[in-house]
Every structure is written in structure tokens, then in C-alpha cells.
């Protein structure tokens, strides 16, 4: 099953801006995330899409609109993003930000966390599709959040 996932980050760092790096470019915390996605057997990272929720320290309304219109699973990376989306009435899958500190920062720990989140997302997609195929009236395409 091919599933596109929108990963929602916080804000482009000053270093990333200066160097022209974006999510998926294999630099800074993007490298951590991309390496962790490489360990996911049931998800091809070429189906990963990225957006930052904040710009210049403020909630980016254009990004928020894009997220609301996205019709596949969304994964919010980090508590600041998760809390801001909840305030907007959105409840995407939650994942620890790849720049997090502590034990999760270890490559194998973060990869295991990402695999767990992606497995849950993929399972939910499979169950949603199965319900849609049985013509369950409670299920509508795009109810990912």
C-alpha cells in the first residue's frame, strides 16, 4: 500500500536557512529523520512530504491551510507543533522531533520510535481502507486527524 505522509515540523533553523537546507535534504535534524525513515519496512521515504508550521516565530496560516486540506496522514513532530495544531482543532499523529535531546537522541532509539509511529499510521490506513471497502457509512476518505 502506498501512503503519503505529511510530516509537520516547527520552523526552519537559521543554519538551514543560511545553507538552503530543507526537510529531506539529509542535513541537521532532517538527516536524523531520513535515516530513521530508512529503517521503516512498510514506508518508502519518497512518500514523505514536509512542511513547517511556523515562520519567523509565528504560526504560518498558509501552512495551516495546507495541513487542513491534506487528505492523507499527518505526523506532527515535537510538542510545540502538536500543541499548536491541537489549539487549531487538529489531531495528527504525534512523533518526537528529530532534534530532541536525551536518550531518544541515540540513533537506534529514535529509529525505533519512528518505526513505531509509522507502523501505527500504516495500520490505521489499512483499517480505514478496509472499512471503506466494506462500505462502512461511518468512514470517509481523508479522516486522518
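Evaluating residue 24 against the criteria (1) part of a helix (DSSP H, G or I); (2) free of Cβ contacts under 8 Å to residues at least 40 places away in the same chain leaves one unmet condition, (1). Comparison of 70, 23 shows that the only residue that is touching a strand residue (DSSP E or B) at 6+ places or on another chain (Cβ under 6 Å) and at pLDDT below 90 is 23.
Which one of these is in contact (Cβ under 8 Å) with a residue 40 or more places away in the chain, assigned to a helix (DSSP H, G or I) and touching a helix residue (DSSP H, G or I) at 6+ places or on another chain (Cβ under 7 Å): 85, 37? Residue meeting the stated conditions: 37. Of all the criteria given as (1) crowded, with 17+ Cβ neighbours inside 10 Å; (2) modelled with pLDDT of 90 or more; (3) touching a strand residue (DSSP E or B) at 6+ places or on another chain (Cβ under 9 Å); (4) within 20 Å of residue 105 (Cβ to Cβ), the one not satisfied by residue 80 is (1). In this structure, does residue 64 turn out to be under 14 Å from residue 51 (Cβ atoms), at pLDDT 95 or above, surrounded by 15 or more Cβ atoms within 10 Å (Cβ to Cβ) and out of contact with any strand residue (DSSP E or B) (no Cβ under 9 Å at 6 or more places or on another chain)? Criteria met by residue 64. Please work out which residue is farthest from residue 45 (Cα to Cα), limiting yourself to region 1-10 and to residues that are out of contact with any helix residue (DSSP H, G or I) (no Cβ under 6 Å at 6 or more places or on another chain) and at pLDDT below 95. Across region 1-10, the extreme among qualifying residues is 1.
For region 95-102, the count of residues that are without any contact (Cβ under 8 Å) to a residue 12 or more places away in the chain, under 21 Å from residue 12 (Cβ atoms) and over 15 Å from the mean Cα position of the chain (by Cα) is at least one. Just to be sure, is residue 51 surrounded by 15 or more Cβ atoms within 10 Å (Cβ to Cβ) and part of a strand (DSSP E or B)? Judged against the criteria, residue 51 is a match.
The values are calculated or read from the model by the stated rules, or taken from the named source; none is laboratory data. Here the structure is a predicted model, which means the values were calculated and not measured. Glycine also receives a Cβ, built like all others from the backbone with ideal geometry; neighbour counts cover every protein chain displayed.
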